């Protein structure tokens, strides 16, 4: 349903709420609840805009790349030709983010646009004379807002809880504690899921990619997986309950290959994607720029692209060396000598075969430094300029299997956890593990979910975010850096906000 759900975005009159403390912005709308939302199709046209804003959490922009840059799997090196160097990104990579970091401010604005947009749509849905018939859409919007708050809590911890579309300049919001935000997210998702349809009740082909009950169970499972980090209290049994609800539908299964989940051919048909975002740039209905930002420039020739990719985002040996040589997930990383799809050497402008090597200088890397991850395949893509139409993936079934395995292991059931991990490994031709440790589970998540936006949360939960080092992060990280500083611009705009500790 990739055209149905996002094409209406062209017609949206979405009340944009870009920054929760920007008092210069007013919210206007030509249509009132009394003469709009007379049916579900009209209401859905506004809800689609919230999906679009939420998609930035897994797209190539700052709400995705800033947390990924703090991990051992994702780098943006400055290039010797002057491209790509930003001190703000360098500070992310070295765990030295400051309140003035402009990219973290962009991430804040992207996330609170989800929340603010949802608040505005919710007010109109609830005020509509047709509200009684829009209960499922109201629940869906509450779930989307809670998802926005999940990312805000994950990144900044102590953020304001705002549930109105307009802020009273005489009553500016104050911080809520991370535990309070956690409880708000949990309660909103649990309430919303009661009114939402299950994947067992709707047609996957026609309802995709809207969130079902199972998409929210997956979000709750992720919330509970990290509950000890967020609140100090582990919730492993709740992870088991949520994952059991998803697995028990018998509607999900691993695809034959990991990469299948990210191809155009599988959109709306995959058995593995639980939640994602439709992209159809040909009608201005969202877009995918992973290939533009992540591939090497010479991949234009390799894949017959209508543009030269920007040789931007990279990974290195830490990520590559986690895989066995027989592991087919390794094939999603471009490293070493490069070839055309027919096996001929891929030649650079000097007539030399392109050989991708590890990053030598994070501030001034040559064009062949850094490996490139092909999570979203360019094969079969319909292009609109440099915008691809691969749908963006938020959560998939492999993640749920690994979440369940971790919860089982942490509750003393390693014998039940091991088959789940091996199920994921078997799909990619990796050898079976004979026993299991927490490090095995962390490493398997890193292999399976490379560049899918989970790594920072995982590293914090397992402790490696603080204790491990890698180039260019070469010292231990203090515990307080597990959350970001609230952007200085937000503190300046709202004196009621309190900065996070040590910033």
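So between residue 283 and residue 163, what do we pick up on full extension, going 0.36 nm a residue minus the alpha carbon distance? Display every interim value, and only then the final one.
On the way: separation 120, 0.36 × 120 = 43.20 nm, distance 3.21 nm.
The span from residue 283 to residue 163 would gain 40.0 nm if fully extended.
Debye calculation, C-alpha points only, no solvent: report log10 I(q)/I(0) for the chain at q = 0.06, 0.08, 0.11 Å⁻¹, in the same order as the q values.
Calculated log10 I(q)/I(0) at the listed q: -0.26, -0.48, -0.95.
Hey, can you rank 112-118, 218-224, 337-343 by average C-beta count inside 10 Å, highest first?
Values: 112-118: 27.4, 218-224: 24.1, 337-343: 11.4.
The densest-packed peptide leads the list: 112-118, 218-224, 337-343.
Could you grab the Rg to Rh ratio for the range 107-177? Cα atoms only, Kirkwood for Rh. The partial results should precede the final answer.
On the way: Rg = 13.0 Å, Rh = 12.9 Å.
That ratio is 1.01, to two decimals.
Largest first and to the nearest Å, give the Cα extent of the range 289-378 along each principal axis.
32, 32, 27
Quick one: which of 407-415, 161-169 comes out on top by average Cβ neighbours within 10 Å, and what's the full order, highest first? All intermediate terms of the calculation are to be shown ahead of the outcome.
Working: 407-415: 17.1, 161-169: 15.3.
The peptides rank, most packed first, as 407-415, 161-169.
If you average the sequence gap of Cα pairs under 8 Å that are 6 or more apart and divide by the length of the chain, what percent do you get for the contact order? Could the numbers behind the result be given before it?
Values: 919 pairs, mean separation 101.4, N = 503.
The normalised contact order for the chain reaches 20 percent.
As a test, work out the antiparallel percent of DSSP beta bridges whose residues both lie in the chain, rounded to the nearest 5. Don't skip to the answer; put the middle values down first.
Working: 16 of 18 bridges.
Rounded to the nearest five, the antiparallel share is 90 percent.
In what sequence do 484, 84 fall when counting other Cβ within 10 Å, fewest first? Walk me through the intermediate numbers first.
On the way: 484 23, 84 18.
Neighbour counts put them in this order, fewest first: 84, 484.
Could you grab the relative contact order for the range 289-378? Cα pairs under 8 Å, six or more apart, rounded to a whole percent. Mind dumping the intermediate values first?
On the way: 139 pairs, mean separation 28.3, N = 90.
Relative contact order for the range 289-378 comes out at 31 percent.
Based only on other Cβ atoms within 10 Å, what is the fewest-to-most ordering of 452, 349?
Numbers: 452 21, 349 9.
Ranking 452, 349 by Cβ neighbours within 10 Å, fewest first, gives 349, 452.
Considering only C-alpha atoms, what is the centroid distance from the range 451-503 to the range 53-113, in Å?
Cα centres, the range 451-503 to the range 53-113: 12 Å.
Taking Cα atoms, how many degrees apart are the long axis of helix 135-156 and the longest axis of the chain, rounded to 10 and kept between 0 and 90?
With rounding to tens, the tilt is 50 degrees.
Sort 125-131, 291-297 by packing, meaning the average of other beta carbons within 10 Å per residue, with the highest value first. Provide the component values of the computation, followed by the final result.
On the way: 125-131: 16.3, 291-297: 22.3.
Ranking the peptides 125-131, 291-297 by packing returns 291-297, 125-131.
Only the coordinates and a few stated rules stand behind these numbers; no lab work does. Predicted model, so just to flag it, every value in this text is computed and none were measured. Please note: Cβ atoms are built from the backbone with ideal geometry, for glycine as well, and neighbour counts cover all protein chains shown.
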